[in-house]
Structures are given as structure tokens and as C-alpha cells.
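Here's the structure we're looking at; comments come further down.
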Amino acid sequence: MKNILITGSEGYIGSIMVPFFIEKGFNVVGLDSSFFSEGNLNQTYLPRYKLIKKDIRKVELIDLDGIDAIIHLAGLSNDPLGMLNEKLTYDINYHASVRLAELAKRSKIDRFIFSSSCSLYGKGDGNALTEEGVQNPQTAYAKSKVLTEEALVKMADKKFCPTYMRNATAYGISPRMRFDLVVNNLSGFAHATNEIRIMGDGTPWRPLVHIRDITQAFYLALMADRNKVWNQAFNVGKSSENYQIKSIAEIVKMRYPNCDIKIMQKNAGDNRDYNVSFSKIETVLGLTTNWTVPQGVDEAKACFDMIKLNKELFNNRNYTRLNQIQFLLENKIINSELFI
Ligand SMILES: NC(=O)c1ccc[n+]([C@@H]2O[C@H](COP(=O)([O-])OP(=O)(O)OC[C@H]3O[C@@H](n4cnc5c(N)ncnc54)[C@H](O)[C@@H]3O)[C@@H](O)[C@H]2O)c1
């Protein structure tokens, strides 16, 4: 395997994953509609990287020419964005993913790593959920992950090896930063406003993982023996990294002691509350994560000090997915179907 296609290569995770795979010696073809192309804090040239600027719904066989494996990240990537237009969420996240997998099979591409989400567990019962745990998706975004996994399961065969990486909620510094993720949001808001704001009552549980640990996990999945990852789901994270939202706020407060914690009660329709077990990925793929949330907040603070993060930059549309898509729609840069 030398040539890999990474869809969603220009996004929050993709911007970290692409250089990682290049450093490991791969040639990377990226495919992305580039919804967030303006929001690049430190654009750098990358060798052995070619970008196909294209909507995933329009991917063609020719785009897969010479590709040995696919990592599929592209999509409407969180609940608020998924709620913008549920039909589009299913079109992009589900139907286009299945179509990409069909094209992969026709191109005789065996390895297909799908970026799924722990969000599909939705509301748990307090126990740590394994990959066999009950799925209780609360939103169109989470349902789109369930439907895609179910479709890929049916497509798995001797020549097609799909793997479902169910990432915990991500955090960490990326050139394509996202402040709509809880750790990044609490740290960034504290830095920019001297306030820590919890949306909801702070009691829900959330598993968290650094984007560099996600990248490492995808690499291990790609390099693993086929029989270990064939048609397998993996929760991506670490069992000790399940936190209640209020504990994340307290970790942030330790770095920003002058900030008050404000509980806003309204949770903007986010009903997720789950605890996840990550034993399988540790034992089967040997993942040892390098990051914890306190280290992630330290990283964030160091970066925010360096770039002098202020309220304006924190609120810049480029770093909150829904705001950027709404801007593109209002300014007719994309049409109502989100095509450029
Ligand atoms: N960030 C997280 O916390 C998290 C957690 C679990 C799973 N995931 C999954 O990981 C993947 C990547 O997430 P991310 O945080 O980097 O998201 P992101 O929104 O930052 O990046 C997604 C990328 O996909 C592109 N894209 C969106 N729609 C497209 C389309 N129709 N055609 C082509 N490209 C399109 C966007 O331009 C963007 O660059 C997603 O599938 C997401 O569901 C993310």
C-alpha cells in the first residue's frame, strides 16, 4: 500500500492526518469540497499530496485510479450541522459513503476505513459501552453513522475489508480549528472571554480523544492484519478519558483560575450522555493514546497564547462548522443542496 485517498482531507482531523501519513511514506490524494478552505491558520505546502476539490456525492471511478486504500472522513461532521437539513445529512454522510464504497469495490480497493462516531451510542445506561453496546442515536448525524456502518457490513467480503472507527469526541489543535467541540470550546471561550460556559447542567458523560491519537488509531487500523480489522468496529479513545462536562470545565478552570464557571442550563438539543469502553482497540490494534484532556487544554492554552486568541477570532465563522456553512449559503457560494 503506497497510495491512499483521504476524503475530508481539508477538515479538522484531515489536516492533521494528511501530513502524518505523508511522513509515514504514503502518497496522499485528498478529496474535499473545501467548505472550510479559508479557515487555515497556517497553510503549509505538503509534498506527496494532491487535492481533488470535489463533492463526495460526485466522486467518480477515475478519482480512485491508482488508489490502494481509502480513509473516509468527509461529511457533515457534527450534530448542529446535521440538523441544518436532515435529508442532506443522509445524502452526504450515508448515501455518498455507500456509493464511495461501491466504487472502491469496483476499483478492487480492499481496505476502506470509515470515520464513524461514538455519537451513535447516544444515550447510554451509565455502563461503559463496548462495540456491541446498544446503539441509541439521537440525531440525524448519529443515525447517518449507524446506517452507513450497517450498509458497509453487508458489503464486506473476501475482497472488501471495511473497518468502522467510532471516534470519541475529538479535541486538539489543528490548522483547521473547530471551536464547536467541547474541550476546544471551553478552553477557547475561557481564553477569549475570561468565562467558562457550560451548555446544559454539566452532568452528561462524554468520551474524549485527541486528533493525533485518532490519526494514530487510523494508521494502526490500516497497517493491521486484514483478519483483525475485517468488518470490525473499534471505539477510538481511552477508557480513562470519559469525563462529565463539568469536570472538563474544572480542568479548564485550573489553567484559567480567574474565570468563573457559568452553567447555562440550555444544552442546544444535545442529549448525548454515554460512557465508552476502549479495551478492544487497545488489545486488538495495540493503541496506546498519548494525550489526556488536561494535556489537551495545556496544548490549547499554549497555542492561544501564541496566536493571541481573542473573542473575534474565537467567534470567526471559519472555526464553527454551522456558522461557516450558513455563511456560504447566505452568500450563495454554495446552493441549497450544498453544491459549490
Ligand atoms: N471531530 C469529532 O469530534 C469527530 C468525532 C467522531 C467522528 N468524527 C468524524 O470524523 C470525520 C472528520 O471529522 P472532522 O472533525 O475533521 O470534520 P470537519 O467538518 O472539520 O471536516 C470534514 C471535511 O469534509 C468536507 N466535506 C463536507 N461535506 C463534503 C462533501 N459533500 N463532499 C466533500 N467533502 C465534504 C469538509 O469540507 C471538511 O473539510 C467525520 O466523518 C466526522 O463525522 C469526528
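FYI, it's all coordinate maths here, none of it is from the lab. Predicted, not measured: the structure shown is a model, and the values here were computed from it. Cβ: placed from backbone, ideal geometry, glycine included. Neighbour counts: every protein chain shown.
When the dipole is taken about the Cα centre of the range 82-162, and only Lys, Arg (+1) and Asp, Glu (-1) are charged at their Cβ, what size is it in debye, to the nearest 20?
Computed charge dipole of the range 82-162: roughly 420 debye.
Taking the Cα centre of the chain as origin, work out the dipole magnitude from +1 charges on Lys and Arg Cβ and -1 charges on Asp and Glu Cβ, in debye rounded to 20.
440
Report the normalised scattering of the range 218-340 as log10 I(q)/I(0) at q = 0.11, 0.12, 0.17 Å⁻¹, calculated by the Debye formula with identical scatterers on the alpha carbons.
-0.68, -0.79, -1.15
Restricting to the range 3-330, compute how many DSSP beta bridges are antiparallel as a %, nearest 5.
The antiparallel fraction comes to roughly 10 percent.
Over the residues of the range 110-203, compute the C-alpha Rg and express it relative to 2.2 N^0.38 Å.
For the range 110-203, the normalised Cα radius of gyration comes out at 1.36.
From the Cα trace of the chain, what convex hull volume per residue do you get, rounded to a whole Å³?
Given the Cα convex hull of the chain, per-residue volume reads 123 Å³.
Pairs to check: 2/50; 143/280; 311/332; 54/87; 54/238; 280/301. Give those whose C-alpha atoms are more than 25 Å from each other in this structure.
Listed pairs above 25 Å: 311/332; 54/238; 280/301.
With a Cα-only, solvent-free Debye model of the range 274-340, what are the log10 I(q)/I(0) values at q = 0.22, 0.26 Å⁻¹?
Values returned for q = 0.22, 0.26 Å⁻¹ are -0.90, -1.07.
Return one quarter of the surface area of the convex hull spanned by the alpha-carbon atoms of the range 35-82, equal to its mean projected area, in nm².
4.9
Which translational diffusion coefficient, to the nearest whole µm²/s, is obtained for the range 28-138 from the Stokes-Einstein equation, given a Kirkwood hydrodynamic radius over C-alpha pairs, 10 °C and 1.306 mPa s?
Taking Rh from Cα pairs, D becomes 98 µm²/s.
Got a sec? Charge dipole of the chain, +1 on Cβ for Lys and Arg, -1 for Asp and Glu; which of 192, 92, 6 is way out at the positive end?
Checking the options against the dipole of the chain, the answer is 6.
Quick one: Cα centre-to-centre distance for the range 261-340 and the range 89-148, in angstrom?
19
Pairing the Cα long axis of helix 182-193 with the longest principal axis of the chain, what angle in degrees results, from 0 to 90 and rounded to the nearest 10?
Compared with the principal axis, the helix lies near 40 degrees.
What trypsin sites (Lys or Arg not before Pro) does the range 233-271 have in DSSP loop regions with at most 11 other beta carbons within 10 Å?
266
Evaluate the relative contact order of the chain (contact order divided by residue number), counting alpha-carbon pairs under 8 angstrom at least 6 apart; express in whole percent.
It comes to 19 percent, rounded to a whole number.
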